[in-house]
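A short write-up of the structure that comes next.
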Amino acid sequence: VERTLRESEERYRSISEQLEDASRRKNEFMAVLSHELRNPLASIHNGLSILNQAEPCSTQAERAIAMITRQVDQLSRLVNDLLDITRIEQNKIRLQRQRLDLTHLVQQVLEDHRPLFEKNGVGIRSKLPPCPVYLDADPNRLNQVFGNLLHNAAKFAGQGGAAEVQVETDPASGEVVIRVSDNGVGMAPEMLNRLFRPFEQADIAVDRANQGLGLGLALCKGLVELHNGQIRASSAGLGKGSEFVVSFPIAIALPQDSISPSHSVPRHSRKVLVLDDNVDLADSLGELL
């Protein structure tokens, strides 16, 4: 009886600690989410006020439009990440798989993020295979994965830091391995155990205003696993950089002749029905079309 009571008490303490941790994480998440939503919305509101007063096509109007566009893009990424995390947890994401060249995709993502590295003063270099590496994968989702990893490298390497992307094949395992590393702030060992949980963030000295919700790596893990791949992180400790390693099964290369060329589709006029219960959304989309 005493043993049973002790075991019950231990289970109770364990459950209580888990609930307290979940409550703490929820409160932290709500605080960060409020911050992440408030700032772009305030900027958009200011930009609209400027547009109401500025001369059309003036420099002031152009600056306001550029600012609104940046903030709307930021809000869209935030909401899309939240939706994708929910879809992954509910097993509702459907991949749009196609035969693609991973080497080419990584090159594209690198070029898209090069301005961010330059802005942050971070050097970036790559080591890519000379030949195509084929995957059966969803290019948009892989773009999300590598985009998140490169964004983290550019942010956490710090001014004057360096990052590197390597892609190498392993014929023995039939896999391709992608390594994204930096020599920046690194991570404590205890952080590695919870790094891929949603809403988790490392307690490190970075710009808190630009730290985000802690969704990127959880989203990476979910998308990589949907592709039958694996992702892991390593760090020698704080101040010693980080490395993320992603692996995918390689697809058998198809003969070039077997890949159907894309044919141009003849253009025809169309009538488009816009249907939505949000009047502003429906009206604005109709006007845009």
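The values are calculated or read from the model by the stated rules, or taken from the named source; none is laboratory data. Everything numeric in this text was worked out from a predicted model, so none of it was measured. Note that each Cβ is placed from the backbone with ideal geometry, even for glycine, and that neighbours are counted across all protein chains shown. The protein model used for the area step is the full one, side chains on, heavy atoms only, and it has no ligands, DNA or RNA in it. Shrake-Rupley method; radii C 1.70, N 1.55, O 1.52, S 1.80 Å.
Key figures
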{"item": "Any hit, the stretch 40-60, residues being modelled with pLDDT under 90, under 22 Å from Leu83 (Cα atoms) and either open to solvent by 70 Å² or more (accessible area, probe 1.4 Å) or of a type outside the set (Lys, Arg) (or both)", "result": "yes"}
{"item": "Residues of the stretch 88-107 satisfying the condition of being surrounded by 14 or more Cβ atoms within 10 Å (Cβ to Cβ) and without any contact (Cβ under 8 Å) to a residue 24 or more places away in the chain", "result": "Gln107"}
{"item": "Residue in the stretch 126-138 that is open to solvent by less than 30 Å² (accessible area, probe 1.4 Å), out of contact with any Lys or Arg (no Cβ under 7 Å at 6 or more places or on another chain) and closer than 26 Å to Gly222 by Cβ present", "result": "yes"}
{"item": "Residue pairs meeting the criteria (Cβ under 8 Å; at least 6 apart or on separate chains; first aromatic (Phe, Trp, Tyr), in the stretch 109-132; second part of a strand (DSSP E or B) and buried (at least 16 other Cβ atoms within 10 Å of the Cβ))", "result": "Phe117/Ile124; Phe117/Ala163"}
{"item": "Filter result for Arg63 (in a helix (DSSP H, G or I), open to solvent by 70 Å² or more (accessible area, probe 1.4 Å) and closer than 26 Å to Gly216 by Cβ)", "result": "no"}
{"item": "Residue ID - farthest from Leu215 (Cα to Cα), chosen from residues in the stretch 1-33 that are of a type in the set (Lys, Arg) and within 30 Å of the chain's Cα centre (by Cα)", "result": "Arg24"}
{"item": "Complete set of residues in the stretch 1-39 that are surrounded by 11 or more Cβ atoms within 10 Å (Cβ to Cβ) and among the β-branched types (Val, Ile, Thr)", "result": "Val32"}
{"item": "Tabulated pairs, the stretch 55-79, first at negative phi, second open to solvent by 60 Å² or more (accessible area, probe 1.4 Å) and in a loop (DSSP other than H, G, I, E, B), C-beta under 7 angstrom, 6+ apart or interchain", "result": "Ala61/Glu55"}
{"item": "Among (1) within 24 Å of Pro198 (Cβ to Cβ); (2) without any contact (Cβ under 8 Å) to a residue 40 or more places away in the chain; (3) touching a helix residue (DSSP H, G or I) at 6+ places or on another chain (Cβ under 8 Å), the one test that Ile85 misses", "result": "(2)"}
{"item": "Cβ pairs under 7 Å, 6+ apart, first in the stretch 38-52 and under 11 Å from Leu75 (Cα atoms) and in contact (Cβ under 8 Å) with a residue 24 or more places away in the chain, second of a type outside the set (Ser, Thr, Tyr) and open to solvent by 40 Å² or more (accessible area, probe 1.4 Å)", "result": "Pro40/Gln71; Pro40/Gln74; Ile44/Gln71; Ile44/Val72"}
{"item": "Residues (more than 30 Å from Val224 (Cβ to Cβ) and surrounded by 14 or more Cβ atoms within 10 Å (Cβ to Cβ)) located in the stretch 66-87", "result": "Met67, Ile68"}
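The rows are residues; the columns are (1) in contact with a Ser or Thr (Cβ under 8 Å, 6 or more places away or on another chain); (2) open to solvent by 20 Å² or more (accessible area, probe 1.4 Å); (3) of a type in the set (Gly, Ala, Ser); (4) at pLDDT 95 or above.
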position: Gln166; (1), (2), (3), (4): yes, yes, no, yes
position: Asp182; (1), (2), (3), (4): yes, yes, no, yes
position: Arg194; (1), (2), (3), (4): no, yes, no, no
position: Leu213; (1), (2), (3), (4): no, no, no, no
position: Leu238; (1), (2), (3), (4): no, yes, no, no
